[in-house]
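Quick notes on the structure that follows.
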Amino acid sequence: MPKKTVVNRQRFNLLILIGVLGLASGVAGQITSWPELSLVAGVFAMLAAMIGAAQVGPHTAAVADIDQLSSEVKRLSEARSEPVLSGSGVDPITGLLDSSLLEPLLLQRVAAARRQLHPVSLVLLRIDEIDRLSTKDRENALGALSGVLIQTLREADGAFRADDVTIAALLENTSESGAVWAAERLRGLLHSSPACAGITVSAGVACYPSHALDADELILRAAHALDDAMERGRDHVIVAQVD
């Protein structure tokens with residue numbers, strides 16, 4: 001085989017390897033903040049490999065490699081488009097994610113925060129004296145609160161109906177002070193919204209890694225803070241205590 005063809009073939013194999021690694025990184029990056037970048041890098045590497053193949057000539061092995069990599073692109077792209085969690089759902093009353101997604105998504109966010117060395121906060125919210133409301137009034141109040149909450153959160157954050165009377169906000173890359181600010185902003189919007197007239201909330205705030213080092217402990221700390229807020233009366237925001 002001519003020397004030039006051997007060199008081109010080596011370059012082509014290298015580009016093939018880069019493409020496969022980039023695509024694999026894209027799938028592995030489903031639980032990171034920027035998985036799309038790896039996938040796009042892999043696709044461009046594949047295109048570069050196909051261009052490099054033109055220098056090799058109509059070589060049967062090269063064509064087979066391109067076909068294989070094209071199939072891999074399709075498979076990994078389909079895998080990337082699938083949701084990370086199966087059986088996901090939306091609560092029909094509030095329009096928020098349902099409670100079944102809170103713990104697995106919190107586990108995912110805490111794991112990502114640990115790798116990337118940034119904080120993540122959990123805010124638990126409960127409408128004051130909600131137990132005294134009728135079923136219809138309770139649903140209306142939860143719907144109004146959820147509407148204001150969605151306006152408050154960023155795209156990277158998550159909002160959940162944690163149980164019958166509790167709403168949870170999962171705040172990405174947010175410290176304790178940022179979570180308190182978000183809760184206070186929500187309270188202010190409730191006070192100024194005609195649709196939420198008479199509605200006040202109590203909130204408990206906990207932050208990884210300030211108050212907890214895993215998802216279960218984070219939920220527990222936020223729940224205790226919410227209990228403390230409710231014991232102090234209406235319309236309070238309480239931050240979890242550090243032992």
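The values are calculated or read from the model by the stated rules, or taken from the named source; none is laboratory data. For clarity, every value in this text was computed on a predicted model and none was experimentally measured. All Cβ positions, even for glycine, are placed from backbone atoms using ideal geometry, and neighbour counts span all protein chains on display.
Below is a table of values for the structure above.
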{"item": "Residue 190 vs. criteria closer than 19 Å to residue 113 by Cα and either at pLDDT below 95 or crowded, with 18+ Cβ neighbours inside 10 Å (or both)", "result": "no"}
{"item": "Hey, residue 170 assigned by TED's automatic domain parsing to the domain that holds residue 103, assigned to a helix (DSSP H, G or I), in contact with a helix residue (DSSP H, G or I) (Cβ under 9 Å, 6 or more places away or on another chain) and in contact (Cβ under 8 Å) with a residue 40 or more places away in the chain or not", "result": "no"}
{"item": "Lone unmet requirement of (1) assigned to a helix (DSSP H, G or I); (2) hydroxyl-bearing (Ser, Thr, Tyr); (3) more than 15 Å from residue 165 (Cα to Cα) for residue 121", "result": "(1)"}
{"item": "Flag if residue 206 is buried (at least 23 other Cβ atoms within 10 Å of the Cβ), more than 20 Å from residue 96 (Cα to Cα) and among the small types (Gly, Ala, Ser)", "result": "yes"}
{"item": "Long-range neighbours under 9 Å by Cβ, at least six apart or interchain, first residue outside the structural domain of residue 217 (by TED's automatic domain parsing) within region 119-146, second modelled with pLDDT of 95 or more and of a type in the set (A, V, I, L, M)", "result": "none"}
{"item": "The one condition in (1) in contact with a Pro (Cβ under 6 Å, 6 or more places away or on another chain); (2) free of Cβ contacts under 8 Å to residues at least 40 places away in the same chain that residue 175 fails to fulfil", "result": "(2)"}
{"item": "Verdict on residue 94 being in the same structural domain as residue 214 (by TED's automatic domain parsing), surrounded by 17 or more Cβ atoms within 10 Å (Cβ to Cβ) and in a loop (DSSP other than H, G, I, E, B)", "result": "no"}
{"item": "Neighbours by Cβ (under 9 Å, 6+ apart or cross-chain): first from region 95-106, under 20 Å from residue 139 (Cα atoms); second hydroxyl-bearing (Ser, Thr, Tyr) and assigned to a helix (DSSP H, G or I)", "result": "95/146; 96/146"}
{"item": "Filter pass, residue 155 being without any contact (Cβ under 8 Å) to a residue 24 or more places away in the chain and surrounded by 15 or more Cβ atoms within 10 Å (Cβ to Cβ)", "result": "no"}
{"item": "Residue check, residue 139 charged (D, E, K, R) and on the phi < 0 side of the Ramachandran plot", "result": "yes"}
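Yes/no matrix, rows are residues, columns are (1) hydrophobic (A, V, I, L, M, F, W, C); (2) outside any helix (DSSP H, G or I); (3) on the phi < 0 side of the Ramachandran plot; (4) within 23 Å of the chain's Cα centre (by Cα):
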| site | (1), (2), (3), (4) |
| --- | --- |
| 177 | no, no, yes, yes |
| 182 | yes, no, yes, yes |
| 188 | no, no, yes, no |
| 204 | no, yes, yes, yes |
| 210 | no, yes, yes, yes |
| 218 | yes, no, yes, yes |
| 223 | yes, no, yes, yes |
| 234 | no, yes, yes, no |
